[in-house]
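A short reminder: the numbers here are calculations on the coordinates, not readings from a lab. All values reported here derive from a predicted model rather than from experimental measurement. Glycine gets a Cβ as well: all are built from the backbone with ideal geometry, and neighbour counts include every protein chain shown.
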Amino acid sequence: MNTPATDAKPGNAALHKLEHVFGYTAFRGEQQAVVEHVADGGDALVLMPTGGGKSLCYQIPALLREGTAIVVSPLIALMHDQVSALVEAGVAAAFLNSSLDMDAARRIENDLFAGRLDLLYVAPERLMTPRFLDALDHLRDTRRLALFAIDEAHCVSQWGHDFRPEYLQLSILPERYPSIPRIALTATADRQTREEIAQRLRLEDARRFISSFDRPNIRYTIVEKADPRRQLLAFIRDEYPVEAGIVYCLSRRKVEETAAWLCEQGVKALPYHAGLPVEARAHNQMRFLREDGIVMVATIAFGMGIDKPDVRYVAHLDLPRSIEGYYQETGRAGRDGLAAQAWMAWGAQDVVQQRRMIDESEASDDFKRLARNRLEVLVGLVEATDCRRQHLLAYFGETAPPCGNCDNCLNPPQTWDATDAARKALSCVYRTGQRFGAGHLIDVLRGEVTDKVGERGHDRISTFGIGADIDKKRWQAVFRQLIAREFVAVDAERYNALALTDLARPLLRGEAAFHLRLSPERGGKQARRRGSSSAIDIPGGLPTTLFDRLRAWRATTARERNVPAYVIFHDATLREITLARPTTLAELGGISGIGDRKLDAYGAEILKVVAETV
């Protein structure tokens with residue numbers, strides 16, 4: 001078991017662990033400050049984006065402090081992957097959860113009592129059992145309890161969709177173990193959620209480390225729904241035909257139908273939702289983690305704790321529930337730091353459906369108000385005609401210049417002043433008695449009502465034919481945006497009839513403007529993104545043969561070790577090997593992501609692959 005170096009300064013000791021255990025020569029961002037603070041016994045609340053290296057913030061202090069670090073994690077899959085990666089790096093790590101039989105759990109408990117573990121991952125409900133608390137008391141009394149790390153700390157927030165009631169019980173830790181440092185970590189928390197985490201976990205006095213929420217390697221692309229399945233398929237085929245991705249849908253039925261349809265089109269797609277049998281979910285998740293090029297079609301039941309670094313895209317076929325949900329879900333792309341994309345198809349009906357779900361829920365009025373506010377921020381993002389990243393970061397309190405890497409920055413949309421058209425549309429809603437849907441209203445505006453409707457007098461009202469100069473497609477866009485911006489409300493029980501809201505009054509009185517983006521012509525293919533992140537692309541124009549052979553070697557090794565391929569090495573490490581083409585162990589040891597344990601275990605094999613590849 002590792003113990004702290006007595007003759008090294010904390011910073012030097014931390015860097016030594018970083019390089020020799022994990023294979024990196026320098027910390028990123030706030031990592032070193034967090035590591036040194038916690039290693040020195042301080043409490044910390046860490047907000048760091050997905051892929052920013054949160055795990056190292058507690059793993060290295062665990063190796064520097066005497067005893068065993070207890071890591072609270074909400075998901076079995078996350079525990080398995082992180083422990084596998086630590087063991088590959090030569091760290092004494094284990095997990096205790098319901099996937100273990102009694103004998104295996106007893107062996108791990110014995111290792112814990114004997115001081116043979118550096119880190120032990122547990123679920124919060126396991127930690128709170130009397131048996132486990134007694135074990136922790138023993139470690140404390142023998143000075144072998146290093147620290148507590150609370151991962152995915154936003155699960156303590158009762159405002160979030162990842163809320164775990166058992167996380168609330170973790171407030172007992174400072175009472176029972178006041179001298180043991182605690183570090184809570186999350187990738188998703190606005191200001192209100194941060195305060196809730198600090199209050200519920202009793203970390204009000206903890207030092208806070210808040211990194212930028214920006215994920216510059218992710219490109220944000222949002223399109224209006226036309227034929228969403230076909231749009232998705234075109235996106236996958238044009239951009240990521242052989243790479244891993246996640247497709248989120250709102251309903252279980254849509255998940256299964258979309259996955260089946262993608263399979264029919266030749267895409268390796270699997271479904272995942274909470275209604276599937278446990279065995280099916282576990283099987284599909286395992287395939288996604290351990291095979292290349294799998295597309296997981298899922299509800300939000302899938303994702304938290306998925307540590308697969310080479311997910312090249314996250315696609316949404318339905319509008320997420322909130323801006324935090326969107327950020328968290330899209331953040332599962334590009335965890336390896338390489339280029340990735342967040343793609344979404346949306347329509348005004350998505351907004352209507354989300355609002356209805358909020359209004360019809362059994363939540364409190366305060367929760368509904370907050371949920372609506374967060375949804376409106378998301379609507380603002382999808383409607384934006386300027387930099388999307390600026391809108392996303394502004395929600396988390398950050399300012400940034402235009403990113404140059406979202407659809408609006410790369411292809412600035414044309415807009416038109418639709419104020420007059422919007423006023424005509426609102427007037428038509430009013431003149432027809434606020435009892436008809438958009439389709440009929442467009443017919444009235446264009447002067448195309450049928451004889452049957454004409455008997456109602458709609459061919460004689462003042463708005464009949466006043467929009468004949470605007471085609472149906474553009475009128476549909478006007479009504480979509482009027483609905484999305486809540487100038488009109490949809491009554492689903494009256495065949496989607498539209499009715500004016502209070503927000504329509506300033507627009508009708510000429511006191512507000514209404515601008516829309518012009519939809520691009522369909523049929524043209526989007527240009528391939530700059531800096532393609534395809535798993536088989538090698539920068540610098542180098543041949544792909546060595547990279548392909550390294551990936552094949554990694555896949556074989558991962559199967560033999562019964563771990564996901566990325567636990568052996570990330571794609572970024574294989575790319576660097578391909579570029580450097582090392583010929584000695586010393587040269588190979590200088591590659592990022594290769595620590596001492598992996599150099600000893602795999603160095604000779606890698607050098608052989610390099611030497612045999614011309």
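In terms of the mean number of neighbouring beta-carbon atoms within 10 Å, the peptides 169-180, 141-152, 548-559, 322-333 order highest first as 322-333, 141-152, 548-559, 169-180. FRET efficiency for the pair ALA580 and ALA226, taken as 1/(1 + (r/R0)^6) with r the Cβ-Cβ distance and R0 = 45 Å, rounds to 0.45.
Kirkwood analysis of the Cα pair distances in the range 391-473 returns a hydrodynamic radius of 15.5 Å. The C-alpha atoms of the chain define a longest principal axis, and helix 545-561 lies at about 70 degrees to it.
The trypsin sites (Lys or Arg not before Pro) of the range 73-129 that DSSP puts in a loop, and whose beta carbon has at most 15 other beta carbons within 10 Å, are ARG116. Under 14 Å Cα-Cα from LYS472, which aspartates and glutamates qualify once same-chain neighbours fewer than 8 residues away are excluded? Straight-distance partners of LYS472: ASP443, GLU448.
Would you mind classifying the range 235-313 by shape? Square roots of the alpha carbon gyration tensor eigenvalues, ordered a ≥ b ≥ c; an a/c under 1.5 is rounded, otherwise it is prolate if a/b is larger than b/c and oblate if not. Verdict is oblate for the range 235-313. Near the amide H of ALA315, within less than 5 Å, lie the amide hydrogens of ILE246, VAL247, TYR248, TRP343, all on another chain or at least 5 residues away, with H placed in the peptide plane. Per-residue packing, averaged as other Cβ atoms within 10 Å, sorts the ranges 216-225, 55-64, 16-25 into the order 55-64, 216-225, 16-25, beginning with the highest. One quarter of the surface of the convex hull around the alpha-carbon atoms of the range 218-412 equals 11.3 nm², the direction-averaged projected area. Near the amide H of ALA69, within less than 5 Å, lie the amide hydrogens of LEU119, LEU120, ALA146, LEU147, all on another chain or at least 5 residues away, with H placed in the peptide plane.
Tell me the angle of helix 419-431 to the major Cα principal axis of the chain, expressed in degrees between 0 and 90 and rounded to the nearest ten. With rounding to tens, the tilt is 70 degrees.
Normalised Debye scattering of the range 231-273 at q = 0.18, 0.23, 0.33 Å⁻¹ gives log10 I(q)/I(0) of -0.48, -0.77, -1.33, counting only Cα atoms as equal scatterers and leaving out solvent. For the range 416-517, a Kirkwood radius taken over Cα pairs fed into Stokes-Einstein (25 °C, viscosity 0.890 mPa s) yields D = 183 µm²/s. Could you please state, rounded to a whole Å, how far the C-alpha centre of the range 186-232 is from the C-alpha centre of the range 336-410? Each part's Cα centre sits 11 Å from the other's. Across the range 201-212, rounded Karplus estimates of 3J(HN,Hα) from the backbone phi angles (6.51 cos²θ - 1.76 cosθ + 1.60, θ = phi - 60°) give 9, 6, 10, 4, 9, 6, 6, 9, 10, 10, 8, 4 Hz, Gly and Pro being marked x.
Taking only Cα atoms of the range 325-409, what ratio of Rg to Rh do you get with Rh as the Kirkwood inverse-distance radius? Computed over Cα atoms, the ratio is 1.01. The simple Förster model, with R0 at 45 Å and r as the Cβ-Cβ distance, assigns ASP359 and ARG207 a FRET efficiency of 0.65.
The modelled label-to-label distance for the pair ALA282/SER99, using points 7 Å beyond Cα in the direction of Cβ, is 0.8 nm.
When each of the peptides 78-89, 263-274 is scored by the mean number of other C-beta atoms lying within 10 Å of its residues, the order from highest to lowest reads 78-89, 263-274. Let a ≥ b ≥ c be the square roots of the eigenvalues of the Cα gyration tensor of the chain; is it rounded (a/c under 1.5), or, if not, prolate (a/b larger than b/c) or oblate? Note, shape of the chain comes out prolate. Taken over the C-alpha atoms, the range 38-160 has Rg and Dmax values of 14.0, 41 angstrom. Treating the angle as unsigned and between 0 and 90°, give the value, to the nearest 10°, between the Cα long axis of helix 228-239 and the longest Cα principal axis of the chain. Roughly 50 degrees between the two axes. Along the range 307-321 the Karplus relation, 6.51 cos²θ - 1.76 cosθ + 1.60 evaluated at θ = phi - 60°, assigns HN-Hα couplings of 9, 6, x, 9, 6, 8, 7, 10, 10, 10, 9, 9, 5, x, 7 Hz to successive residues, with x for each Gly and Pro. Residue-wise HN-Hα couplings along the range 80-97, as the Karplus relation 6.51 cos²θ - 1.76 cosθ + 1.60 with θ = phi - 60° gives them from phi, are 4, 5, 5, 5, 4, 5, 5, 4, 4, 7, x, 9, 7, 10, 7, 9, 10, 7 Hz; Gly and Pro carry x. In vacuum, with every alpha carbon of the range 539-612 counted as one equal point scatterer, what does the Debye formula give for log10 I(q)/I(0) at q = 0.21 Å⁻¹? Two decimals, please. So the normalised log intensities work out to -0.89.
To the nearest Å, what is the center-to-center distance of the range 125-141 and the range 563-598, using C-alpha atoms only? Centre-to-centre (Cα) distance: 39 Å. For the chain, the mean residue ellipticity at 222 nm estimated from helices alone is -13000 deg cm²/dmol, where every DSSP H run of n ≥ 4 contributes -39500 (n - 2.57) and the total is divided by all residues, rounded to the nearest 500. Scanning residues 5 or more positions from LYS225 or on other chains, those with amide H under 5 Å from its amide H are TRP346, GLY347, with H placed 1.01 Å from N in the peptide plane. Quick one: check the C-alpha center-to-center distance for the range 93-117 versus the range 252-277, whole angstrom. With the range 93-117 and the range 252-277 each reduced to a Cα centre, they are spaced 36 Å.
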